[in-house]
Amino acid sequence: MSDAELQQGPLHAVHTELGATFAPFGGWEMPVSYAGVVAEHTAVRETVGVFDVSHLGKASVVGPGAAAFVNACLTNDLDKIGPGQAQYTLCATEAGGVTDDLIAYYVSADEVFLVPNAANTAAVVAALAAQAPDGITVTDLHRDYGVLAVQGPKSPEILAALGLPSDMDYMAFVDAAFEGQPVRVCRTGYTGEHGYELLPSWEGAEPVFRALLAAVKAAGGEVAGLGARDTLRTEAGYPLHGHELSTDISPLEARCGWAIGWRKPAFWGREALTAQKAAGPARTMWGIRALDRGVLRQGQSVLREGVALGETTSGTFSPTLKVGIALALLDASAGVAAGDEVTVDVRGRALRCEVVAPPFVPVHTR
């Protein structure tokens with residue numbers, strides 16, 4: 001995709017004003033960093049950061065029995081939550097792969113709001129629309145809402161400064177207002193820190209973002225971009241679709257079996273995933289932590305005593321740990337365990353590493 005074909009979010013001009021560097025991601029031109037990835041990452045871990053992730057998809061499923069319909073399609077069990085709660089779930093293929101991972105907001109028995117990944121929104125909407133019974137409407141709302149993430153220990157203070165609600169349980173949401181405009185506030189995030197995601201209207205995103213940015217700066221935090229978002233989620237051991245999850249990588253391989261409602265009578269991919277659960281997945285996602293100096297990246301071979309175990313699916317430098325880290329899919333039959341020493345082929349050099357059960361750092365979401 002050429003730069004001319006990349007989509008831009010509602011705050012692109014603001015990011016340019018803030019001096020952001022940009023890069024393509026999921027078909028969108030995204031701000032990668034402002035003050036630098038390490039500074040932005042550290043702000044989220046120690047104080048607070050604000051991200052514009054309006055590229056994320058949005059969709060609604062509305063009509064009599066909409067929640068029951070979604071529950072029969074996506075993997076997690078919506079019956080475990082109710083109005084005002086959200087849930088991490090997966091849109092699986094019948095073969096047991098993953099079309100996308102997403103957040104489902106349970107608005108009512110007759111309305112579910114979905115936030116998929118940017119590049120997969122159309123596929124998720126199409127899959128649901130193809131199965132929707134008469135009376136249930138699936139609508140792509142990609143450009144109807146912005147998404148702003150406030151993440152870090154001081155995030156409740158930031159919301160309080162804007163008069164927005166912050167005292168809610170993890171994965172709960174409240175429909176509130178800022179300066180008379182509706183904003184959905186949810187206790188979710190992708191960094192491993194206490195945080196929130198705000199959904200204003202697409203057109204109303206700028207005043208909310210500017211107010212958040214002012215409060216974040218006053219609290220000693222930073223505006224953060226895609227670079228810090230990736231280092232933070234990797235430290236937290238969170239999968240990214242296209243890396244640790246895909247149509248060729250199952251939820252069980254990615255350690256996401258907890259997001260499957262195994263007792264439900266129906267969901268897409270149930271037969272294949274149930275069989276895989278019984279047999280055990282062929283691969284398992286592990287963390288890899290460098291013992292020597294070196295840069296870990298996606299697509300590098302992981303070996304133990306010269307025998308290939310698998311390859312890395314994501315890799316980065318950890319600003320918190322000050323070492324290279326990666327996520328990797330390793331052969332389950334090899335009997336890999338946390339603490340095992342392995343080597344990673346980094347451009348022909350065998351980099352000494354150890355196997356780690358993710359996350360790499362403590363997670364403080366709750």
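The values are calculated or read from the model by the stated rules, or taken from the named source; none is laboratory data. Just so it is clear, the structure is predicted and the values come from calculations on it, not from any experiment. Cβ sites come from the backbone with ideal geometry, for glycine too, and all protein chains shown count toward neighbours. To get the accessible areas, we keep the full protein, side chains included, count just its heavy atoms, and leave off ligands, DNA and RNA. Shrake-Rupley method; radii C 1.70, N 1.55, O 1.52, S 1.80 Å.
Place a +1 charge on the Cβ of each Lys and Arg in the range 243-341 and a -1 charge on the Cβ of each Asp and Glu, then give the dipole magnitude about the Cα centre in debye, rounded to the nearest 20.
Details: 11 positive and 10 negative charges, 83 e Å.
Computed about the Cα centre, the dipole is about 400 debye.
Accessible area ranking (1.4 Å probe, heavy atoms, ligands and nucleic acids excluded), largest first, for 167, 331, 340: 167, 331, 340. Which one, 211, 290, 199, projects farthest toward the positive side of the charge dipole computed for the chain from Cβ point charges (K/R +1, D/E -1)? Positive-most Cα among the choices belongs to 290. The loop-placed GluC sites (Glu not before Pro) in the range 267-354, going by DSSP, that have at most 10 neighbouring Cβ atoms within 10 Å of their Cβ come out as 305.
Please give the FRET efficiency for residue 111 paired with residue 366, using the beta carbon to beta carbon distance and R0 = 35 Å, rounded to the nearest 0.05. Intermediate results must be reported in sequence, preceding the final value.
On the way: r = 26 Å, r/R0 = 0.76.
Result of the calculation: an efficiency of 0.85.
Centre-to-centre separation between the Cα atoms of the range 201-279 and those of the range 124-185: 15 Å. With the charge dipole of the range 209-366 set up from +1 on Lys and Arg Cβ and -1 on Asp and Glu Cβ about the Cα centre, the Cα lying farthest toward the positive end among the listed residues 224, 242, 356 is that of 224. Ordered by 1.4 Å accessible area with all protein chains kept, 140, 77 run largest first as 140, 77.
The rule of thumb for compact globular proteins, 2.2 N^0.38 Å, goes into the C-alpha radius of gyration of the range 191-276 1.53 times. In this view, the solvent-accessible surface of residue 297, computed with a 1.4 Å probe and all protein chains in place, comes to about 120 Å². Value of Rg to Rh for the range 6-61, rounded to two decimals, is 1.02; Kirkwood radius and Rg both from alpha-carbon coordinates.
Per residue, the chain exposes an accessible area of 41 Å² to a 1.4 Å probe, with every protein chain left in place.
Kirkwood hydrodynamic radius of the range 231-366 from all distinct Cα pairs, in Å? Taking every pair of different Cα atoms in the range 231-366, averaging 1/r and inverting gives 15.4 Å. Annotation for residue 347 and residue 248: the two label points, set 7 Å from Cα along the Cα-Cβ direction, are 2.5 nm apart. Computed over neighbours whose Cβ is under 9 Å from that of residue 228, the net charge equals -2, Lys and Arg +1, Asp and Glu -1. Helices assigned as whole DSSP H runs in the chain whose Cα atoms extend at least 15 Å along their own long axis and whose mean Kyte-Doolittle hydropathy is 1.0 or higher are found at 121-131, 205-218. Run the paramagnetic zone check for residue 303: 7 angstrom along Cα to Cβ, then residues of the range 340-360 with backbone nitrogen under 11 Å. Answer for the range 340-360: 343-346, 348-351.
The apolar share of the surface of the chain, taken as the fraction of accessible area on carbon and sulfur atoms (1.4 Å probe, ligands and nucleic acids excluded), comes to 52 percent.
Report Rg/Rh for the range 1-144, rounded to two decimals, where Rg is the Cα radius of gyration and Rh the Kirkwood radius. Mind showing how you got there, number by number?
Numbers: Rg = 17.4 Å, Rh = 16.8 Å.
Across the range 1-144, the Cα-based Rg/Rh ratio is 1.04.
Under a point-charge model restricted to the Cβ atoms of Lys and Arg (+1) and Asp and Glu (-1), what is the dipole moment magnitude of the range 165-316 relative to its Cα centre, in debye to the nearest 20? Spell out each step's value before the answer.
Values: 16 positive and 18 negative charges, 96 e Å.
That gives the range 165-316 a dipole magnitude of about 460 debye.
To one decimal place, what orientation-averaged projected area in nm² is obtained for the convex hull of the Cα set of the chain? Please list the in-between numbers first.
Working: hull surface 72.2 nm².
With the hull built on Cα positions only, its mean projection is 18.1 nm².
Dipole of the range 66-195 computed with +1 at Lys/Arg Cβ and -1 at Asp/Glu Cβ about the Cα centre; of 127, 74, 188, farthest Cα towards the positive end is 188.
Modelled label positions at residue 62 and residue 292, each set 7 Å beyond Cα in the direction of Cβ, lie 6.0 nm from each other.
Within the range 79-162, list the GluC sites (Glu not before Pro) lying in a DSSP loop whose Cβ has at most 14 other Cβ atoms in a 10 Å radius. Each step should come with its number before you reach the end.
On the way: sites: 94, 111, 157; in loops: 94.
Hits after loop and neighbour filter: 94.
Assign unit charges at the C-beta atoms only (+1 for Lys and Arg, -1 for Asp and Glu), then state the dipole size of the chain relative to its Cα centre in Debye, rounded to the nearest 20.
I would put it at about 820 debye.
If you take the alpha carbon radius of gyration of the range 132-272 and divide it by 2.2 N^0.38 Å, what ratio comes out, to two decimals?
Working: Rg = 17.7 Å, N = 141, 2.2 N^0.38 = 14.4 Å.
Cα-based Rg divided by the globular estimate yields 1.23.
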